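Asks: Structure below; questions to follow.
The values are calculated or read from the model by the stated rules, or taken from the named source; none is laboratory data. Not measured: the values here are computed from a predicted model. Neighbour counts are summed over all protein chains in view; Cβ atoms, including those assigned to glycine, are modelled from backbone coordinates with ideal geometry.
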Amino acid sequence: MGFVVRNCSWRRILFLLVLGAVCAIRLSLLDRPLDRDEGEYAYAGQLMLAGIPPYKLAYNMKLPGTYAAYAAVFAVFGESVQAVHLGLLLANLATIVLVALLGKRLFGGTGGVCAGIVYAVLSCMPNVLGLTANASHFVMLMAVAGFWLLLESRESRNWLLAASGFCMGATFLMKQPGAAFVVFGLVYLIAKRARWTAIFIFTAAAAAPFAGTCLVLARAHVFEKFWFWTVSYGSQYGSLIAPGMGLVKLLGMLPQVAGPALLLWGMAVAGLMTGSRPTKFLLGGWLLASAAAVSAGLYFRSHYFVMLLPALALLCAAAVTNWISQGRPRFAIVVLSVACALPAIWNADYFRRLTPQQAAVTSFGANPFQEAIPLARYLREHSSPDARIAVLGSEPEIYFYSQRHSATGYIYAYGLMEAQPYARQMQDEMIREIETAQPEYVVYVTSPLSWLRERESDPHIFTWAKRYLDERYQLIPLPETERKLSLYRRRDRSVEPSRVSAFALQQRAGVNGLLGQTR
């Protein structure tokens, strides 16, 4: 057994086998329907490739780094669901390798392989939406790259410091919580008493991605929209959850995200208590930065915990190498093997037996992600490429699938329902944009999960929608989608004769149905 631990070739073979398993799992689910976050990123990336800047036809509070990542993926693989998940596969593989390199630098070859394997296992788990191309994966790709470059720079190699700062700054551009890793880098340099020139180089490089983005968006004449959504509205969104409610959300989510990986989380706790004092402070600081990123806004959604996984993997590597150094290699290998096998066994059906469509239903329940595909196909086949459509709800994937531009920048309805001071203003702007554009088709999402309406939500948008659709649009029956999505065509177009199903007729009144529904 000691031979396995010490022999470099066995470590490499094991690591390559794990990478192969990751590829097999992700490739088997390549066709999984996009969720709404993936749909948002895909639509924004699609627009960028068409020369349309972010925040012109698609509003959101997120910074545009992940949009750019999607656009880069589409430029290589084409604009498709498969391309989205291929991009995630490549990002995941790169992050696994970087986590292994970090582990190797901190704990040697065995620690590197251990860290890489643990991250590979954790980042594929459905309980953290590891198979969904959320921004968290791209945040951690850049954060781990920045951490590794920071350690490699030894605070004296300026070009590596600049590269580290740029990567850390890119984490913020991928999503605002990535700022926690920029702070980590600065604190690390200050704690190491680095030269002021080194701190300046790192800080300037970290600021470059955001500063460059502001300049580009200003030249594209969308800076005002960008600032409102990412700063003005973003600050409101980030303060909606009270600390007490945030704690409730955290306690409710922890059992789900740990789940069958609970033993790995226990190993991480053991790793935090071992090693030298500098290593403890280094990994403790990284863990703290990761926890701060996960905690942003106190929403604690499951995919946010992806930003905690590299820290857990490195702490597991610390525990394993400590056990080996104490002369307990068999114990270390058995515990690691069991801890990694449990999540894989727990999710075996998900990985091996479920079709991509069944996997989407298992992960996202009643959300209309599967229904969006045939509806978007209908839009693509029955409208011209320059047609504008509007989606009343939070299903931006419909824009991406249909390859049609949005009549309004409000690709999400959540903000309209929130108890925040901009809600009515946002509703009025969405209404004005739709009435001005006069879209050929309107999709009304009848699924409450696409609105998340609360008791205190302003009902103005629903009252307007019912009147507007009744006066100007005709319901198109689509049996595949009508339980969750209703499609309307503008009345001044020629209407193909078709029999409207009884359920479709009921859906005409469904616009008003959400008036009495709450979250």
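Asks: Before we move on, is G393 touching a helix residue (DSSP H, G or I) at 6+ places or on another chain (Cβ under 6 Å) and at positive phi?
Replies: Working: touching a helix residue (DSSP H, G or I) at 6+ places or on another chain (Cβ under 6 Å): yes; at positive phi: yes.
Here the answer is yes, as G393 does meet what is asked.
Asks: If you take the residues in the stretch 185-203 that are free of Cβ contacts under 8 Å to residues at least 40 places away in the same chain and within 30 Å of the chain's Cα centre (by Cα), which one is nearest to R154 (Cα to Cα)? Reasoning before the result, please.
Replies: First, pick out the residues of the stretch 185-203 that are free of Cβ contacts under 8 Å to residues at least 40 places away in the same chain: 185-186, 189-190, 192-194, 196-197, 199-200, 203.
Checking which are within 30 Å of the chain's Cα centre (by Cα) leaves us with 185-186, 189, 203.
Details: G185: 12, L186: 14, L189: 10, T203: 16 Å.
In this case the residue turns out to be L189.
Asks: Follow-up question, since we're still on this one. Of all residues in the stretch 353-390, which are over 18 Å from L485 (Cα atoms), assigned to a helix (DSSP H, G or I) and either out of contact with any helix residue (DSSP H, G or I) (no Cβ under 9 Å at 6 or more places or on another chain) or without any contact (Cβ under 8 Å) to a residue 60 or more places away in the chain (or both)?
Replies: Once the filter is applied, which keeps residues that are over 18 Å from L485 (Cα atoms), assigned to a helix (DSSP H, G or I) and either out of contact with any helix residue (DSSP H, G or I) (no Cβ under 9 Å at 6 or more places or on another chain) or without any contact (Cβ under 8 Å) to a residue 60 or more places away in the chain (or both), the stretch 353-390 yields only Q358.
Asks: Tally time: how many residues in the stretch 223-261 are of a type outside the set (G, A, S), touching a residue at least 60 places away in the same chain (Cβ under 8 Å) and surrounded by 16 or more Cβ atoms within 10 Å (Cβ to Cβ)? It would help to see each step written out before you state the result.
Replies: Taking the stretch 223-261 and keeping what is of a type outside the set (G, A, S), we get 223-231, 233, 236-237, 240-241, 243, 245, 247-251, 253-257, 260.
Imposing the further condition that a residue be touching a residue at least 60 places away in the same chain (Cβ under 8 Å) reduces the set to 225-226, 229-230, 233, 236-237, 240, 256-257, 260.
Subset that is surrounded by 16 or more Cβ atoms within 10 Å (Cβ to Cβ): 225-226, 229-230, 233, 236-237, 257, 260.
So the answer is 9.
Asks: Among the listed residues Y43, Y55, which satisfies the condition of being part of a loop (DSSP other than H, G, I, E, B), hydroxyl-bearing (S, T, Y) and touching a residue at least 40 places away in the same chain (Cβ under 8 Å)?
Replies: Values: Y43 fails: part of a loop (DSSP other than H, G, I, E, B).
One residue alone meets the criteria, Y55.
Asks: Which is at pLDDT 95 or above, of a type in the set (D, E, K, R) and surrounded by fewer than 16 Cβ atoms within 10 Å (Cβ to Cβ), of R388, R377, R352, R330? Write out each step before concluding.
Replies: Values: R388 fails: surrounded by fewer than 16 Cβ atoms within 10 Å (Cβ to Cβ); R352 fails: at pLDDT 95 or above; R330 fails: at pLDDT 95 or above.
None of the others qualify; the one that does is R377.
Asks: When both residues are 6+ apart or on different chains and their Cβ atoms are under 6 Å apart, which pairs have a first residue that lies in the stretch 170-184 and is within 13 Å of S290 (Cβ to Cβ), and a second that is among the β-branched types (V, I, T) and at pLDDT 95 or above?
Replies: T171/V139; G178/V139; G178/T171; F181/T171
Asks: Please work out which one of (1) surrounded by fewer than 22 Cβ atoms within 10 Å (Cβ to Cβ); (2) within 30 Å of C214 (Cβ to Cβ) is the condition L101 fails and give its number.
Replies: Unmet for L101, out of (1) surrounded by fewer than 22 Cβ atoms within 10 Å (Cβ to Cβ); (2) within 30 Å of C214 (Cβ to Cβ): (2).
Asks: Within the stretch 401-411, can you find the residues that are crowded, with 21+ Cβ neighbours inside 10 Å and closer than 20 Å to W227 by Cβ?
Replies: Hits for the stretch 401-411 are T408, Y410, I411.
Asks: Scan the stretch 1-16 and tell me whether some residue there is assigned to a helix (DSSP H, G or I) and closer than 21 Å to M142 by Cα. Please lay out each step first, then the result.
Replies: At the first step, the residues of the stretch 1-16 found to be assigned to a helix (DSSP H, G or I) are 2-6, 8-16.
Adding the requirement that they be closer than 21 Å to M142 by Cα leaves none.
No; the residues of the stretch 1-16 include none that is assigned to a helix (DSSP H, G or I) and closer than 21 Å to M142 by Cα.
Asks: Within the stretch 66-74, does at least one residue satisfy the condition of being aromatic (F, W, Y), assigned to a helix (DSSP H, G or I), without any contact (Cβ under 8 Å) to a residue 24 or more places away in the chain and in the same structural domain as G178 (by TED's automatic domain parsing)? First the steps, then the outcome.
Replies: Of the residues in the stretch 66-74, the ones aromatic (F, W, Y) are 67, 70, 74.
From what is left, the residues that are assigned to a helix (DSSP H, G or I) are 67, 70, 74.
Next, only the ones that are without any contact (Cβ under 8 Å) to a residue 24 or more places away in the chain stay: none.
No, because not a single residue in the stretch 66-74 is aromatic (F, W, Y), assigned to a helix (DSSP H, G or I), without any contact (Cβ under 8 Å) to a residue 24 or more places away in the chain and in the same structural domain as G178 (by TED's automatic domain parsing).
Asks: Can I ask one more? Based on this model, can you work out whether L308 counts as in contact (Cβ under 8 Å) with a residue 12 or more places away in the chain, closer than 19 Å to R105 by Cα and among the aliphatic types (A, V, I, L, M)?
Replies: Numbers: in contact (Cβ under 8 Å) with a residue 12 or more places away in the chain: yes; closer than 19 Å to R105 by Cα: no; among the aliphatic types (A, V, I, L, M): yes.
No.
Here is a yes/no grid of residues against (1) within 16 Å of the chain's Cα centre (by Cα); (2) of a type in the set (S, T, Y); (3) buried (at least 24 other Cβ atoms within 10 Å of the Cβ):
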{"residue": "L122", "(1), (2), (3)": "yes, no, yes"}
{"residue": "A133", "(1), (2), (3)": "yes, no, yes"}
{"residue": "S136", "(1), (2), (3)": "yes, yes, yes"}
{"residue": "M140", "(1), (2), (3)": "yes, no, yes"}
{"residue": "R154", "(1), (2), (3)": "no, no, no"}
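Asks: Report the residue count in the stretch 429-442 for those that are surrounded by 14 or more Cβ atoms within 10 Å (Cβ to Cβ) and not in a loop (DSSP other than H, G, I, E, B). Write out each step before concluding.
Replies: Filtering the stretch 429-442 down to residues surrounded by 14 or more Cβ atoms within 10 Å (Cβ to Cβ) leaves 429-431, 433-435, 437, 439-442.
Then drop every residue that is not not in a loop (DSSP other than H, G, I, E, B), which leaves 429-431, 433-435, 437, 441-442.
The number of residues fulfilling the criteria is 9.
Asks: Identify, from the list L272, L287, L240, L298, the residue that is at pLDDT 95 or above and assigned by TED's automatic domain parsing to the domain that holds T132. Walk me through it before giving the result.
Replies: Numbers: L272 fails: at pLDDT 95 or above; L240 fails: at pLDDT 95 or above; L298 fails: at pLDDT 95 or above.
None of the others qualify; the one that does is L287.
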